[in-house]
Amino acid sequence: MITIDNLHKSFGKLQVLSGVSLDFGRPGIYAILGPNGSGKTTLIKSILGMSIPDKGQIRFQGEDIRGRWDYRRQIDYLPQIARFPDNLRVSELLDMIQDIRGEKPQALGRLIEMFGLQPFLDKRLGNLSGGTRQKVNLVQAFMYDSPVLILDEPTSGLDPVALIRLKALLLEEKAKGKLLLATTHIMNFVEEMADEVVFLLEGRIHFRGSVDSLKREYRENNLERAIARILQGEQGFSANGHSQEAARMARSYEL
């Protein structure tokens, strides 16, 4: 569905992506991991056409996305921070999204019920708690039946019931043959949900494979500990002077 070939992106002198190549050709749930500043957000924005690479190519269903926008109608996106207009009511936001898309959503009523948003439909978004805003964010991301979903920190602020329902929803979407890309810092979510892990470090792919293969490679039974070994330099850094940088990245990764 999505093929990324030798992607490079810099902001001034800062090299954010350095030759990233990935092929997401099969349906499933892929976790894109990495410490803050590793290039995750830039990679997502590049796929969405929000950031233009300096070099390389992204193909969606076999076609180059450069200079195009129509392919994005087949991608639903959950941003990390739900920056909705505070003065809008929840129902007004959902109506606005329908107006922009120009089509009726396939699953709106079910999603509103699933995440318990009925009592909040007439509430202004600025008056909602962070967890309720995230539920609104989830509803807008899943309300259309697109073949690809990109989810940036989907579990942020969710209560246990909403988290269980989100996991069930992700498995439903996967069963439909969809491609789901998710960034997250919650390792037990990755262990439970991800078919494959892509770990970015300093703008490069440091690891790609299943959770079990990552743990085997770093000789750990726990995913958090395997990630910590990457950041502390067991195989990811040379031993000469990188321990302080590894510690900084480990803190940023919230291990």
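Quick notes on this structure:
- Subset of 55/176; 135/174; 9/167 violating a 22 Å alpha-carbon distance limit: 55/176; 9/167
- For chymotrypsin sites (Phe, Trp or Tyr not before Pro), the sites in region 15-96 that DSSP calls loop and that have at most 15 other Cβ atoms within 10 Å are 69.
- Excluding the site residues themselves, the longest part of the chain lacking any trypsin sites (Lys or Arg not before Pro) in a DSSP loop with at most 14 other Cβ atoms within 10 Å is 84-175.
- Mean-position separation - Cα centroids, region 1-68 and region 124-155, in angstrom: 23 Å
- Across the chain, Cα pairs under 8 Å and at least six residues apart give a relative contact order of 25 percent.
- Under 13 Å from residue 178, Cα to Cα: aspartates and glutamates that are on another chain or at least 8 residues apart: 76, 145, 195
- Membrane-span-like helices in the chain, defined here as complete DSSP H runs extending at least 20 Å along the helix axis by their C-alpha atoms with mean Kyte-Doolittle hydropathy no lower than -0.5, are 160-175; this is a sequence and geometry rule, not a statement about a membrane.
- Among 144, 188, 77 the positive-end extreme of the charge dipole of region 2-209 (Cβ point charges): 77
- Size of charge dipole - the chain - debye, nearest 20, with Cβ of Lys, Arg +1 and Asp, Glu -1, no other charges: 320 debye
Read-outs throughout are calculated quantities, based only on the coordinates presented, and are distinct from any laboratory measurement. Owing to the predicted nature of the structure, the values given are computational and were not obtained by experimental measurement. Reconstructed Cβ throughout: ideal geometry from the backbone, glycine too, with neighbour counts over all protein chains shown.
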